[in-house]
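Engineer: The structure's right below; bear with me while I get my questions together.
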Amino acid sequence: MLKGIGRVLIDEQTLMRRIDEMGEQITRDYQGKDLVLVGILKGSVLFLADLVKRIKLPLVIDFMAVSSYGSSTHSSGVVRILKDLDEEIEGKDVLIVEDIIDTGLTLNYLTELLLSRNPRSLKICCCLDKPSRRKVPVKVDYVGFSIPDEFVVGYGLDYAEKYRNLPYICILDPDEVE
Ligand SMILES: O=P(O)(O)OC[C@H]1O[C@H](OP(=O)(O)OP(=O)(O)O)[C@H](O)[C@@H]1O
Ligand code: HPA
Ligand SMILES: [Mg+2]
C-alpha cells in the first residue's frame, strides 16, 4: 500500500466492467449523432481513455482544463478556465466527460458556458458521483458509481496532484490531509 492512501473503494476490475456497460449504452444512444466528447482536464483523462475505446461510433475528442480545487480537498468555488475547447461545438452532440461530480460547482459553470455556444445537445457522463455533497443541482446523464462523502484519489483523481496514476479508486488517508 502506498503511503497516504487508505482502503480501495473501487477496484480495477469493477471499474472496467462498469465502463464496458457505459460505453455500450453511449454507443446505443448516439447512433447517427455528431458526437463530441469533452474531457475535463486533468482528472478525466484515464476515464476518458478507457471509455472512448468502448464507444463504437465516429467521434471527436476535445478538452477543457479548469481548476477549482488547487492543492486542497475543498473546492474554492471559483472555477478558472485554464484551457478552452479547440473546436466549435455549435450544432454538435456534446458529451462532457468528468472524473467526479462533488459540489457540482464545476459542472454547473461549464454547462452554462457550453450551452451558450448552441450545441444540438449537451449531456454529462461521470465516473464518480458524490450526491450528498451537492451545493448546486446538476443533471447527470451517465454515472459510473455513486460514492459516499469521502475524498478519493486514483484513476485520474488527485490530492495535490498526486495519486492520479493509481489504476483503482482509493479513499485518501485523513492523516495525509492538512
Ligand atoms: O463538483 P465539484 O465540487 O466542482 O468538483 C469536481 C471537480 O473537481 C475536480 O477537478 P480539479 O479542480 O481538482 O482539477 P483536476 O481535474 O485537474 O484535478 C474534478 O476533476 C472535477 O472537475
Ligand atoms: O474526492 C475527490 N478527490 C479528488 N478530487 C476531487 N474533486 C472533487 N472531489 C474530489
Ligand atoms: Mg483535482
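Engineer: Give me a count of the residues in region 125-162 that are touching a strand residue (DSSP E or B) at 6+ places or on another chain (Cβ under 8 Å), near ligand 2 (Cβ under 10 Å from one of its atoms) and at pLDDT below 95.
Structural biologist: So the count comes out to 3.
Engineer: Restricting attention to region 116-147, and to residues there that are more than 14 Å from ligand 1 (Cβ to nearest atom) and assigned to a loop (DSSP other than H, G, I, E, B), which single residue is nearest to the chain's Cα centre (by Cα)? Outline the logic, then answer.
Structural biologist: In the first step, residues of region 116-147 are kept if they are more than 14 Å from ligand 1 (Cβ to nearest atom); the result is 116-123, 141-142, 145.
Narrowing the set further to residues that are assigned to a loop (DSSP other than H, G, I, E, B) leaves 116-120, 141.
On the way: S116: 21, R117: 21, N118: 22, P119: 20, R120: 21, D141: 12 Å.
Top of the filtered list is D141.
Engineer: Looking only at region 126-146, count how many residues are surrounded by fewer than 20 Cβ atoms within 10 Å (Cβ to Cβ) and of a type in the set (G, A, S).
Structural biologist: Count: 2.
Engineer: Filter region 23-46 for residues that are assigned to a strand (DSSP E or B) and closer than 14 Å to V94 by Cβ and give the result. Step through it out loud before you land on a result.
Structural biologist: First, the residues of region 23-46 that are assigned to a strand (DSSP E or B): 35-41.
Those that are assigned to a strand (DSSP E or B) and closer than 14 Å to V94 by Cβ: L35, V36, L37, V38, G39, I40.
Engineer: A further question on this structure: For the structure I just gave you, tell me whether L9 is buried (at least 16 other Cβ atoms within 10 Å of the Cβ), in a helix (DSSP H, G or I) and within 16 Å of ligand 2 (Cβ to nearest atom). Full working, then the answer.
Structural biologist: Values: buried (at least 16 other Cβ atoms within 10 Å of the Cβ): yes; in a helix (DSSP H, G or I): no; within 16 Å of ligand 2 (Cβ to nearest atom): yes.
For L9, the condition - buried (at least 16 other Cβ atoms within 10 Å of the Cβ), in a helix (DSSP H, G or I) and within 16 Å of ligand 2 (Cβ to nearest atom) - is not met.
Engineer: Moving on to the next point. Being in contact (Cβ under 8 Å) with a residue 40 or more places away in the chain and under 22 Å from K42 (Cβ atoms) is the filter; apply it to region 111-125 and report the residue that is surrounded by the most Cβ atoms within 10 Å (Cβ to Cβ).
Structural biologist: C125
Engineer: Looking at A49, is it near ligand 1 (Cβ under 9 Å from one of its atoms) and either in a helix (DSSP H, G or I) or in contact with a Lys or Arg (Cβ under 7 Å, 6 or more places away or on another chain) (or both)? Let's see the steps before the verdict.
Structural biologist: Details: near ligand 1 (Cβ under 9 Å from one of its atoms): no; either in a helix (DSSP H, G or I) or in contact with a Lys or Arg (Cβ under 7 Å, 6 or more places away or on another chain) (or both): yes.
No.
The values are calculated or read from the model by the stated rules, or taken from the named source; none is laboratory data. Everything numeric here is computed off the predicted structure, so don't read it as measured data. So basically every Cβ, Gly included, is an ideal-geometry build from the backbone, and we count neighbours across all protein chains shown.
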